[in-house]
Each structure stands twice: as structure tokens, then as C-alpha cells.
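Down below is the structure, laid out as C-alpha cells.
The values are calculated or read from the model by the stated rules, or taken from the named source; none is laboratory data. Everything numeric in this text was worked out from a predicted model, so none of it was measured. Virtual Cβ from ideal backbone geometry, glycine too; neighbours counted across all protein chains shown.
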Amino acid sequence: MENKESKKTKKADNAKKTQDKQGIRWYLIVIWSLFVIGVSSVFMLFYGISHEWFGDMPTFEELENPSTNLASEIISADGKVLGTYYIENRSNVSYSELSPHLVNALLAIEDIRFYEHSGIDQRALLRVIFGLATGNDKGGGSTLTQQLAKNLFPRGENLSTVQLFIRKFQEWVTATKLEYNYSKDEIIAMYLNTVFYGHNAYGIKKASETFFNIAPKDLNIEQAALMAGVVNAPSRFSPIRNPERALQRRNLVISQMAVYGFITNAERDSISQIPIDMSQFGVLDHNTGQATYLREYLRQTLTEWSKTSKSKKNDGTPYNIYKDGLKIYTTIDSRMQQYAEEAVREHLSLDLQPAFNKHWKGYTNAPFSLEEEEIDNLMELSMKRSERYRKMRNAGISHDSIKENFNVPAKMTVFSWNGTIDTMMTPMDSMRYFKSFLQSSLMSVESHTGHVKAYVGGIDYKFFKYDHVTQARRQVGSTFKPFLYTLAMQEGEYTPCTTVPNISYSIEMPDGKFWEPRDAGTSKFGEEVTLKWALAHSNNRISTYLMKRFGPEAVIQMARRMGVTSPIQAVPSICLGVCDISLYEMVGAMSTFANQGVYVKPIFITKIEDKNGNVIEYFESEQVEAMDEVTAYKMIELMKGVVQSGTGVRLKYKYGLRNPIAGKTGTTQNQSDGWFMGITPDLTTGVWTGAEDRAVHFRTIGLGQGSNMALPVWALYMQKIYADTSLNISKGDFDKPLSDVALEFDCELYEQEQSQKNQVVEEEEEF
């Protein structure tokens, strides 16, 4: 019995063993099948991705030239970036332009094995897989190369799990291709160029400028650690919005740098105690920085250039200033631009605006020289021209409802010379408030080249967008008189020392009436005066005499040869400057005198390069011979008299500018506009000052004349220019014409010589 049972047991054991063996066999078959299927699937997945079964992949050409939105940079003549045009505020740098501390910080916190892997870090990947399997996911599987692939070729939105899975594999393939096509250093630079740092800063160059106002190569350890840390979550770790979190994140990076031997533990402990310094922080936008008015003018000019230029990209499409990373080299000198902006700010904020406010204090209708009904009409017109009004009308709101809205107080930020003010004010009151501010513009040009060196279109671009250099045309007053005197000098009949009776003159008009202008001064009335004296004192009677002699048409033709393109009505009163001309035109015209009679059209750009440094286009000034060099020199001597003893004499006694300067002041009707045109051998600079609305002005000529409103800006600007010896601006005299000028410009000596000649003639006649 036992044998039978033993046999049965043995048989059962054998059967079980056989069954176990079969189970193991099938288990192994399943395992190996799954392995083969998995490997095959992964292989097919990668093969399919490479052959774009699951969507487009970047081509070799795209990898060679990755498409990112690159900001176009406006670069000054002395190499400073004045501003950018962008969709994304991004500019690229090379690896050599990076701080070593930045590279070390990045590797320490993001990818310490970067130089060991080939785009995919298997060790980090296995760590992530193990973490997911055990529920202890710590992330960190993506390499810098994978993150670069994601930045260069971004994922779509609202991807499903399957799509996200495939997209991840696509990024792996792209990362591998990037590693094949670029060096490790190039990949690091590309990564830092594509990262968003918050605060409208894309790429390390713009981020360094925004956060610290320095170049990436100048980042120290603590700054580099902050930059490397903030990219993980720009908003969460923003040193502006979340300074405590930013400090913790920065110190974590510093600790990691110590762990991997980039810094010592002592350096870690010391640097971690340094507070984050954001004193140089400044968001780069179109309303801030240098030359804001010029940048807007160039934006419009370059947009038109891109449409009309023969230069195109390789694919035949026009260049885009917002995406193609152009480098626009301007004629502007950043130092001179700074001095110009400072001069405008100093004169208006410290002197002129306080004087204006005091001048109008206590007047019911201030700052308008109008009746109440006229003011109401003017304000309603201003309301209709406002952006707020246009938006509300486009939204279908009636005029009466809008008008009612304009008289409801609202929160707003307004301009003041002491900084912006947050207040409650009705939109109508805010418009009246803004109209009370005096504006000023300045343009300075290198006379012999036409290169514009400084350009100030107003007092603050954020609040006052209207450009008073190129956009505005204002009455020029007596600054127009040099055109008339130039005509007289050119004809050869007159010299600076020619005398004319200082009496009233009248000109018959087509309707039979006579036009006889008044003169503000009575000095030397009825006496013989020289043309040099007449221009120096801006005498209207002598201007009328010359206009009667030559006629309006001839004067207009002279102005045209000197670059003035604004409409000018052919009437005698233009000799007093009743026409409206832009500051840009006036400066270009006045520079003709310093350039021996050759008009050189002012330009702002010298060349444009593409993102790779290839020159797309060069720009040169147009030149026209407007007058002979002798006439030009005569005018220089005439206009020197304005500064030596005329309306511009305060340049000497108040501002200490005693070097040779030719100039002309200008004051218009009701003191609405004040002008000063100043010429030195190297620079021609014009200044206009007034309010945006011509009904806003000083009531007295003592305060409202050009020598008080505009001349001080010019003087402050030139003081700063001369103080900066690196600019090499000459204080010497103007070059005399190559041809012999047998003219006497010392009119007192000339008069003595003429008197002696007349005496000799009289004695001869007696005999």
C-alpha cells in the first residue's frame, strides 16, 4: 500500500515539476516577448519619430539656424544698446560672453553630468523611473539639452497623455541631434539665450541688463546663482515679487556650487549672507531708457524700410525688426544723448516750469490765455482726440455718455517732475493738468557729416508721446531770419557791415493794403545800423527792408536749398518767422553754415546688420550745395554777433561760454514758442520750448522769449559736452573759406575806415 501511495506521490511530484517547468518556460517566453516587444516598440517609436510619423521634426537647417524671436537692437555710435524692438525681448550671446560663475551655477543646479552625457542622461532617467515606481518622484530627469530642445521647439497646448508621451520622445530625438550638431559650450549658450527670466526678459543678455544693468560676462557668483535659480519658475522666484523665495533659491544654488566644488564651503557661507541687490533693476520697455522719442521715430522709419528695401532674407521675405535680431547702428552718441536729456530736465524742472507755475498762480483760467468758453471748446476738442474717447466711441458709447464719464473721478497715475503721482482725478481735469506742462525738444547734429548725435523729442515719452523734433511743426519766429540774410549776403550787394536806416518800412499787399510790422525794441531807431547789428538784435524793421528788396519767393527758394520742406506761404510776414517748420528741418538748415555752404541731410542710421553680423544696408547723407563758402562764412560772422552782443549774449555772462559760437534766438506770437539755434565748428544744435497747446504760454516776453525758454537748454547741454574731453568737441574758431575773403567783420573798424574814405573824397571834391 505504501509503495502504491509512494508511487502516486512521486508521480504527482513529477507532474508538478513538469508543470512548474512549463510555467517557468511560459513566464520566460512572456518576459522575453515583452522585452522584445518593448525594445522593438521603442525602436519603432524612435524610428517613427525620426521619420515624422507622429508629426514634424526640426530639419537639419532648422537645427543649424534655430528659429527664435530675436529682438532688434538700436546701437549708439559709441557701442551702447539704446533699446530694442521685440515680440520677445531677447538678444543672443556666445559662450565666450558668459560669466564662468553663471555656467558653474547652471550646471550645479540643473545638470551636473552635462559634459558626460550625449543629450539624454540614462542615470538620471533611471532615477526618475525608480522614483515614479516607488512613489518618491523627485524629478530632475531632463538634461540641459532636452530643455533646450523644448525651448527651441515648444510643445503645443492641451496635449493628451499619449501626445505628451510622444512629445517627450521627440524632445529626446531632438536633443540627440543637437548634441550631434553643436558643441557642449554652444548648447549652454543656446540654452541661456532661450530661457525666460521673467519681467519681460528673454535670454541671459536681456535678463542681466534688466536685473543688474550689466553684461552676462560681468555677473558675480551671487548674481549668477540668482540667474541660474530663477529660470526654474520666473514668477515664483522673482527677486522683485518674491524676494524671500528668491533668496532661498539663490542660496540653494550657491550650496550646490559648493557641493560640486565650484566654490569652497567658506565662500558658500560668506556669499549666502550677501543680500540680493536689485538697485539697478529696470524693466526694459519702449517708455524707458535713453532716446525714447528717437527709438519710436526709428521704429516707424524701419518698419517702412523693411517694406521697401531691396534687401531681403534668404527666403525672399522682408526683414522683421521684431523677430529677426537686426543690429541697427545709429549716429547717436550715448554720452551726448545723456547730456541732452539732462539739460532739458534741469532747465525745465528746476527753472522754467516753477517760473511758469508761479507766473500763472491765482489766475482763474490758468494756464490758458483764453476766455472760459474758448477753453471749454478747446478741452472738448482735446477729449475727442484722446485714446480714451476713441475706444469708448468704438465700443458704441454715445458722445454725451462719454463726456459724462470724463467728469467722473478715477484712479490714475500722472506725471510730475518729482516722480509719478497716484491720485484720483477726472479725465477732463487730468487733460488740463497735463496741458500745464511746458515741453522742450533738442536735436544736435555733427555739421560736416549730418550725423545726429542727440535727439530729445519731449520731457517724458511715457506720458507725452508727441515728438517735437520730427513730428511737430511750430512757428519758428526770428530763427527764420538767417534765410533772408543769407539771400542778401549771397547776392553780393550786402556785407555784414552794410548799413541800413533803422526806420519803419511797409510792403504793399495784393489787396492794396500795406503791411508794416512792429518791432519790440526802439534801440537806434532812426539811425543807420549794420546788418550784423540788426540780426544780432533781431530787428524786424531791417528784416522788412530786406524782404521788400528780395521778395518772399526768393527767400523760400533759399530755405528749400537748405533742406526746409515744410509748406511756406509766399507772404512778406515770413521774414518774421510766421511759418511752421520742424526742429529737424531747422537744425539741418543751420548746419549748412558750418559746413561751408553744403547742406547735409541729417541721418540717424549708418548701417543695419542681420543676426549673424552681415551688413544688410549702409546709409549715407544726401548733400546739396546751397550757397558758396563765402556766403556761409558771412552768415557765421553775422550770427556770431547774436552771441557777442545781441539776444544770445547771456551765453557769455551767465553760462561762461566764450568760445566762438554763432546763434539765433526766436520768439513767436504771444510767446507760444521759444527757439535757439546754436552753431559751433563741430556741432549744430537746435532747441525748441513751449507747451503742446499754443494757447498755453507766458504772458510776458521777458519770460517767454527764446533766450529765456530755449537758450538755457542749449547752454547746459554744451557745458556738459565741453566738460567731457573724451568727446573731442572743439572750442576753436570756424574755418575760413579757402578763397580770399576781403571783407571786414569788425563793423566798428569798418565804419572808421569808411568814414576816412568819405573824408578823403570830400577833400578831393573841394579841390
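Per-residue answers, yes or no, for (1) polar (S, T, N, Q); (2) under 25 Å from Gly702 (Cβ atoms); (3) crowded, with 22+ Cβ neighbours inside 10 Å:
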| site | (1), (2), (3) |
| --- | --- |
| Gly477 | no, yes, yes |
| Thr486 | yes, no, yes |
| Glu493 | no, no, no |
| Val500 | no, no, no |
| Ser523 | yes, yes, no |
| Ser538 | yes, yes, yes |
| Met547 | no, no, yes |
| Phe550 | no, no, no |
| Ser573 | yes, yes, no |
| Can Ile274 be described as surrounded by fewer than 19 Cβ atoms within 10 Å (Cβ to Cβ), under 25 Å from the mean Cα position of the chain (by Cα), in a loop (DSSP other than H, G, I, E, B) and aliphatic (A, V, I, L, M)? | no
| Within the group Gly526, Gly577, which residue is in contact with a helix residue (DSSP H, G or I) (Cβ under 6 Å, 6 or more places away or on another chain) and at positive phi? | Gly577
| request: Considering each of Lys138, Lys205, Lys217, Lys168 in turn, give the residue that is at pLDDT below 90 and assigned to a helix (DSSP H, G or I). | output: Lys168
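Let's see how each residue does on (1) over 29 Å from Thr544 (Cβ atoms); (2) at pLDDT 95 or above:
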position	(1), (2)
Leu583	no, yes
Ala589	no, yes
Phe593	no, yes
Gly597	no, yes
Val600	yes, yes
Ile603	yes, yes
Thr606	yes, yes
Glu609	yes, yes
Glu637	no, no
| request: Name every residue in region 226-278 that is without any contact (Cβ under 8 Å) to a residue 40 or more places away in the chain and over 26 Å from Glu209 (Cβ atoms), in order of residue number. | output: Ser255, Ala258, Gly261, Thr264, Asn265, Ala266, Arg268, Asp269, Ser270, Gln273
| field | Where a residue in region 96-119 is among the polar types (S, T, N, Q) and its partner, wherever it lies, is part of a loop (DSSP other than H, G, I, E, B), with Cβ under 9 Å and at least six apart | value | Ser99/Ala215; Ser99/Leu219; Ser99/Asn220; Asn104/Tyr260; Asn104/Phe262; Asn104/Ile263
| Considering only strands (runs of 3 or more DSSP E) fully contained in region 410-463, which possess at least 3 residues that are over 23 Å from Glu387 (Cβ atoms) and in contact with a helix residue (DSSP H, G or I) (Cβ under 9 Å, 6 or more places away or on another chain)? | 438-446, 452-456
| message | Please go through (1) closer than 21 Å to Glu508 by Cβ; (2) in contact with a strand residue (DSSP E or B) (Cβ under 9 Å, 6 or more places away or on another chain) for Val555 and return the number of the only condition it doesn't satisfy. | response | (2)
| Which of the residues belonging to region 594-609 are out of contact with any strand residue (DSSP E or B) (no Cβ under 6 Å at 6 or more places or on another chain) and touching a residue at least 60 places away in the same chain (Cβ under 8 Å)? | Asn595, Gln596, Lys601, Ile603
| request: State which residue is farthest from Leu487 (Cα to Cα) when the search covers only region 526-574 and only residues that are charged (D, E, K, R) and out of contact with any Gly (no Cβ under 9 Å at 6 or more places or on another chain). | output: Glu527
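Conditions (1) over 18 Å from His347 (Cα atoms); (2) outside the structural domain of Thr647 (by TED's automatic domain parsing), marked per residue:
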{"position": "Lys403", "(1), (2)": "yes, yes"}
{"position": "Asn407", "(1), (2)": "yes, yes"}
{"position": "Thr413", "(1), (2)": "yes, yes"}
{"position": "Trp417", "(1), (2)": "no, yes"}
{"position": "Ile421", "(1), (2)": "yes, yes"}
{"position": "Thr426", "(1), (2)": "yes, yes"}
{"position": "Asp429", "(1), (2)": "yes, yes"}
{"position": "Gly450", "(1), (2)": "yes, no"}
{"position": "Lys453", "(1), (2)": "yes, no"}
| task | With the condition kept exactly as written, say whether any residue in region 533-543 is more than 18 Å from Leu638 (Cα to Cα) and assigned to a helix (DSSP H, G or I). | result | no
| task | Output the qualifying pairs, or none if there are none: Cβ atoms under 7 angstrom, residues six or more apart or on different chains, first residue in region 197-223 and without any contact (Cβ under 8 Å) to a residue 40 or more places away in the chain, second residue part of a loop (DSSP other than H, G, I, E, B). | result | Tyr197/Val231; Tyr197/Pro234; Ala207/Tyr197; Ala207/Ala201; Ser208/Ile214; Ser208/Ala215; Ser208/Leu219
| query | Does Val103 satisfy the criteria of being surrounded by fewer than 21 Cβ atoms within 10 Å (Cβ to Cβ), at pLDDT 85 or above and within 30 Å of Gln300 (Cα to Cα)? | reply | no
| Out of the residues in region 665-711 that are more than 25 Å from Val452 (Cα to Cα) and among the aliphatic types (A, V, I, L, M), which is farthest from the chain's Cα centre (by Cα)? | Ile701
